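The values are calculated or read from the model by the stated rules, or taken from the named source; none is laboratory data. On a predicted model such as this, the values are computed, not experimentally measured, just so you know. Neighbour counts run over all protein chains shown; Cβ positions are idealised from the backbone, glycine included. With ligands, DNA and RNA removed, areas are computed over all heavy atoms of the protein, side chains included. Shrake-Rupley method; radii C 1.70, N 1.55, O 1.52, S 1.80 Å.
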Amino acid sequence: MAQTSVDKIFWRGEFEQTLVYAPAKRPGFVAWATAFSYGDGSVGLSFDETLEAENPYFTPPRLEYAEAAGVPVSYCSVESGSAHQRSYRVYMRSADGVNFTETGRCPRQEGSFCNVGFPDGRIVGFDVPRHNNEGTGWSDWLRVRESRDGGKTWTDLRRLLQGTAPYLWRVRRLRSGTIVVLASLYGTPWGPGRERATRNTMLPGETYESKIQPFFLTSENGRNFSGPHYILPGIGAHEFDFAELPDGRLLFLAGDVQGTLVGRQFVAPSPDGWLNGTLYPIGAGAPEDPARDPQGGYVPETIAWDERHGCLVGYRRNKCFSLSNDYGENWTRIEPGFCFDFLYQPCLLALPDGRLGLYGHVGGDNAFGEKDMVICAQVFRPDCAADLPKAARLSLERMLSPDQSRYENRFCARLTEGGRPLAGQEVEFRFNTYWNEDGSVNTTAQQNAPRRQRVRTDETGRAVAAAGWYDGVADIHLAYNVDVVCPGDGAVRPCRGPQMTVLALTPRRRTPYPYDAYFAGGVLYLSPGFVERFPGALEALAALPGDGELLPEGLLAPEAVQRLARCGALYKDGGRYKWIHSVHAPRPLAGVKVMAGGDWYE
């Protein structure tokens with residue numbers, strides 16, 4: 001079944017780009033902007049600036065450091081300083097997210113990459129210092145500092161995660177005021193003389209997916225922390241983001257900007273801590289062929305929840321803005337229709353007036369003077385969110401018999417959008433037997449399932465399909481997978497429902513022996529009532545040769561044969577009765593026993 005999708009929509013709404021900061025002498029170096037909340041509606045912004053100036057405090061870095069950290073040729077001054085250049089961390093604040101005023105600056109090594117503000121102007125900064133005590137690699141801790149003068153001077157508060165290799169990425173504040181620090185453990189500490197000689201050394205058996213462990217920390221005051229809370233398992237995410245949803249859940253999103261696998265995960269607060277949900281895939285926006293082109297998608301690297309339109313808004317460096325109205329499962333690109341600067345390593349914030357603000361630098365991972373680098377803000381309202389196709393959801397349930405006594409091989413799917421039924425949409429049920437005839441697991445992908453049924457939803461959004469070919473087979477281990485998909489159309493986004501693994505033969509309420517006979521691994525089990533009704537049947541069947549498929553004529557009374565056929569233990573082939581082939585059976589009739597005990601379900 002071919003699936004349709006909406007690849008892009010055109011921009012509608014406000015958009016304003018503002019030059020926040022440019023070096024006095026251009027081209028210069030300004031980069032690594034991070035935006036943050038002060039908790040009172042105002043927005044903070046910090047970034048690095050390197051200026052041409054004599055540096056009396058310069059200490060030449062060691063060559064071993066450049067090798068271990070992977071510093072390119074000509075990047076020494078922006079990474080470690082220079083005798084003729086000075087680097088600073090600049091701090092600014094804005095009441096509206098557009099117009100910023102500098103509040104302070106400090107030597108780069110004193111400032112922090114990530115920050116969070118407080119209404120009284122206090123700033124708590126988080127950073128992994130770029131040099132360890134030996135000067136051969138980054139520090140093996142996460143530093144927490146505080147400034148009470150707008151970023152001019154700093155006081156150490158504490159060190160977190162000492163003895164590890166943290167990779168710090170982003171800090172956000174929840175509606176409650178809780179601070180959330182996003183980071184990962186990037187393997188083990190590295191540098192000359194350590195087990196991991198360089199930052200990108202891979203130890204035997206490692207992959208980036210197994211080496212990098214994403215997590216988050218939480219704090220109410222910037223001094224005491226909870227965590228690490230590990231998330232996004234097994235995909236190597238280290239530059240990821242999250243958005244707080246209206247129901248209080250956190251939706252973590254990992255894109256392909258660093259060539260890692262993509263994924264998303266809901267994490268819910270509870271009285272007992274944060275509860276991790278399933279790691280879900282991403283459809284539209286993910287790389288089409290990640291093995292060939294691992295950065296070929298446009299899943300955003302920074303996201304925010306748009307309260308006005310009830311959707312996620314995102315941006316991916318040097319690519320595009322995008323929207324998702326299905327919690328990050330699919331992303332639709334926005335075609336702007338006007339010129340604006342691409343921002344590198346961007347940070348997106350929801351502003352108090354309902355607009356969104358994107359902050360970053362123009363340029364990339366550049367050396368001093370290589371690009372005309374500036375800091376920009378892009379503030380906007382994406383009214384085009386209304387043009388997105390409807391985000392449909394599919395449920396799936398197995399149906400009870402009309403008398404409610406047992407589950408049948410029938411299924412009901414329901415297609416909705418925002419809780420409202422979607423009528424007249426085609427959905428496809430797919431059925432795939434779990435076991436092969438030889439007892440091995442069937443590895444046929446569900447999208448290649450050999451049996452399918454297409455049904456249109458009724459006025460309640462429901463569609464029903466029956467898998468009658470699984471009826472009347474007396475094998476208690478016969479199982480199959482069933483799922484349902486909707487291909488969508490121009491107005492409804494494609495979606496998938498749950499996949500269920502079910503048993504074809506089911507018990508019944510208040511009936512201990514609902515079947516005269518069934519097979520389990522080739523052994524024929526007869527109900528006590530059948531054995532009582534047909535004395536000698538058990539002994540006669542047990543005496544049969546072990547390799548025969550046929551039921552010898554005249555061995556059992558005609559009524560006994562009919563009852564075994566009616567319950568699905570026998571089938572007729574060319575006028576003769578044969579035993580069915582059951583799952584895991586070494587031969588058709590591997591033995592005969594009486595059912596040892598019955599079931600009782602209310």
Problem set entry | Those residues of region 497-530 which are among the basic types (Lys, Arg) and under 41 Å from the mean Cα position of the chain (by Cα), in sequence order | ARG508, ARG509
Exercise. Would you call SER405 in a strand (DSSP E or B), among the small types (Gly, Ala, Ser) and in contact with a Lys or Arg (Cβ under 6 Å, 6 or more places away or on another chain)?
Worked result: no
For this session: Give me a count of the residues in region 500-526 that are touching a Cys at 6+ places or on another chain (Cβ under 7 Å) and not hydroxyl-bearing (Ser, Thr, Tyr).
Result: 2
Exercise. For region 92-186, list the strands (runs of 3 or more DSSP E) that sit wholly inside it and hold at least 2 residues that are modelled with pLDDT of 95 or more and surrounded by fewer than 18 Cβ atoms within 10 Å (Cβ to Cβ); which are they?
Worked result: 100-107, 155-160
Seminar exercise, completed: Inside region 34-52, the number of residues satisfying the requirement of being part of a strand (DSSP E or B) and farther than 16 Å from THR103 by Cα is 3
Exercise. List the pairs whose first member sits in region 157-170 and is under 27 Å from LEU348 (Cα atoms), whose second member is among the β-branched types (Val, Ile, Thr) and not in a strand (DSSP E or B), and whose Cβ atoms are under 9 Å apart, counting only residues at least 6 apart or on separate chains?
Worked result: ALA165/VAL128; ALA165/THR188; PRO166/VAL128; TYR167/VAL128; LEU168/VAL128
Exercise. If ALA268 satisfies every condition in (1) crowded, with 18+ Cβ neighbours inside 10 Å; (2) in a strand (DSSP E or B); (3) of a type outside the set (Lys, Arg) but one, which is the exception?
Worked result: (1)
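Matching residues to (1) of a type in the set (A, V, I, L, M, F, W, C); (2) modelled with pLDDT under 95; (3) on the phi > 0 side of the Ramachandran plot; (4) loosely packed, with under 13 Cβ neighbours inside 10 Å:
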position: MET373; (1), (2), (3), (4): yes, no, no, no
position: VAL379; (1), (2), (3), (4): yes, no, no, no
position: LYS390; (1), (2), (3), (4): no, yes, no, no
position: MET399; (1), (2), (3), (4): yes, no, no, no
position: GLU408; (1), (2), (3), (4): no, no, no, no
position: ARG430; (1), (2), (3), (4): no, no, no, no
For this session: Report whether or not GLY314 is touching a residue at least 24 places away in the same chain (Cβ under 8 Å) and closer than 16 Å to LEU388 by Cβ.
Result: yes
For this session: Sort through GLY497, GLY490, GLY472 and tell me the only one that's open to solvent by less than 70 Å² (accessible area, probe 1.4 Å) and under 30 Å from ALA517 (Cα atoms).
Result: GLY472
For this session: Tell me which residues, restricted to region 512-526, are assigned to a loop (DSSP other than H, G, I, E, B) and either out of contact with any strand residue (DSSP E or B) (no Cβ under 8 Å at 6 or more places or on another chain) or of a type outside the set (Asp, Glu) (or both).
Result: PRO512, TYR513, PRO514, TYR515, GLY521, GLY522
Problem set entry | Residue ID - farthest from THR188 (Cα to Cα), chosen from residues in region 39-71 that are of a type in the set (A, V, I, L, M, F, W, C), free of Cβ contacts under 8 Å to residues at least 60 places away in the same chain and surrounded by 13 or more Cβ atoms within 10 Å (Cβ to Cβ) | LEU51
Problem set entry | Qualifying residue in region 14-21 (condition: within 38 Å of the chain's Cα centre (by Cα), of a type outside the set (A, V, I, L, M, F, W, C) and part of a loop (DSSP other than H, G, I, E, B)) | yes
Seminar exercise, completed: Within region 271-314, residues being in contact with a Lys or Arg (Cβ under 9 Å, 6 or more places away or on another chain), among the hydroxyl-bearing types (Ser, Thr, Tyr) and assigned to a strand (DSSP E or B) number 2
Exercise. Across region 545-602, what is the total count of residues that are open to solvent by less than 30 Å² (accessible area, probe 1.4 Å), in a loop (DSSP other than H, G, I, E, B) and on the phi > 0 side of the Ramachandran plot?
Worked result: 1
Exercise. So which residues in region 445-472 are among the small types (Gly, Ala, Ser) and within 29 Å of the chain's Cα centre (by Cα)?
Worked result: ALA445, ALA449, GLY461, ALA463
